[in-house]
Amino acid sequence: MSSVHQTLARLRDLKLSGMAEALNQQMNMPGQQQLAFEDRLGMLVEHEWAERENRKLKRLIRGATLPEGACLEDLDYRASRNLDKAFVTTLSSCEWIHRKQNLIILGATGVGKTWLACAFATQACRLKMAATFYRASDLYNDIAVATLDGSLPKLKLQLSKPQLLVLDDFGIGNMTVQAAHVLLDVVDRRMRHGSLLITSQYPADQWHSLFPDPTIADAVLDRVVHQAHRIQLKGDSMRKLQGRKRMQAD
């Protein structure tokens, strides 16, 4: 085995696949072999670092279980949607997550709330922050199951651990008293450890009536609403617009 092949094998054994790939590329590019040792080594290290960052981003996005492959660069800013580009740009820094603030996205069915929530979650992942996505109705079902099988502490930890928890379609689904108690516990923990992003077709001033217990409603909303940024989406249903485009294309 040649010294280069042995080095490649050692790099892979050490799980330095990025450096191994970069070294293999260098050996196939005579021009790069004329560079100084420090420059070639720097290129290997940079390739390894980039590959690890890419793998980490993929892990974070996979772990977030986002239903939409969305990113803020693709956001539609047409005037009818009522989006302030400067405000969205400010939020894209995710400084609000570092400050443990929340984000509320409101709007009618189909205007793109879930897509925008996924875009912000993707941005958080890009900035090396873990995110978790939950539809409100799915969360209530999981709480009921976890209560019965004894895994509720594990579920609470899962909801409290990531820097960003996305709760989609708040107001859809049956929130039981047990689910409301769990939600309060999670929100209380998240005030110290992370942020919430909530989407809803219901105005925030109607959320109180969505809870089965007014006392719990007061406690949850006091922790969430008063330290939240808001985006109010307007305009036609994006699903209808996309459907028209497909029909016209056909």
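The values are calculated or read from the model by the stated rules, or taken from the named source; none is laboratory data. Since we're looking at a predicted model, the values are computed, not measured. Note that we place each Cβ from the backbone using ideal geometry, even for glycine, and neighbour counts take in every protein chain shown.
Here are some notes:
- Out of D138, D142, sole residue that is crowded, with 18+ Cβ neighbours inside 10 Å and charged (D, E, K, R): D142
- Condition check for A50 on (1) assigned by TED's automatic domain parsing to the domain that holds F133; (2) modelled with pLDDT under 90; (3) aliphatic (A, V, I, L, M): one failure, at (1).
- Residues of segment 152-182 that are over 19 Å from the mean Cα position of the chain (by Cα) and either under 19 Å from L60 (Cα atoms) or not β-branched (V, I, T) (or both): L152, P153, K154, G171, G173, N174, M175, Q178, A179, A180, H181.
- Top-ranked residue in segment 233-242 [being at pLDDT 70 or above and exposed (fewer than 15 other Cβ atoms within 10 Å of the Cβ); ranked as farthest from the chain's Cα centre (by Cα)]: D236
- Scan segment 67-98 for residues that are part of a loop (DSSP other than H, G, I, E, B) and modelled with pLDDT under 95 and the total you get is 12.
- The conditions of being surrounded by fewer than 18 Cβ atoms within 10 Å (Cβ to Cβ) and assigned by TED's automatic domain parsing to the domain that holds L197 are not met by A121.
- Test for A108: is it closer than 27 Å to Q201 by Cα, surrounded by fewer than 12 Cβ atoms within 10 Å (Cβ to Cβ), out of contact with any Phe, Trp or Tyr (no Cβ under 7 Å at 6 or more places or on another chain) and among the aliphatic types (A, V, I, L, M): no
- Qualifying residue in segment 55-62 (condition: in the same structural domain as Q163 (by TED's automatic domain parsing), at pLDDT below 95 and more than 13 Å from the chain's Cα centre (by Cα)): no
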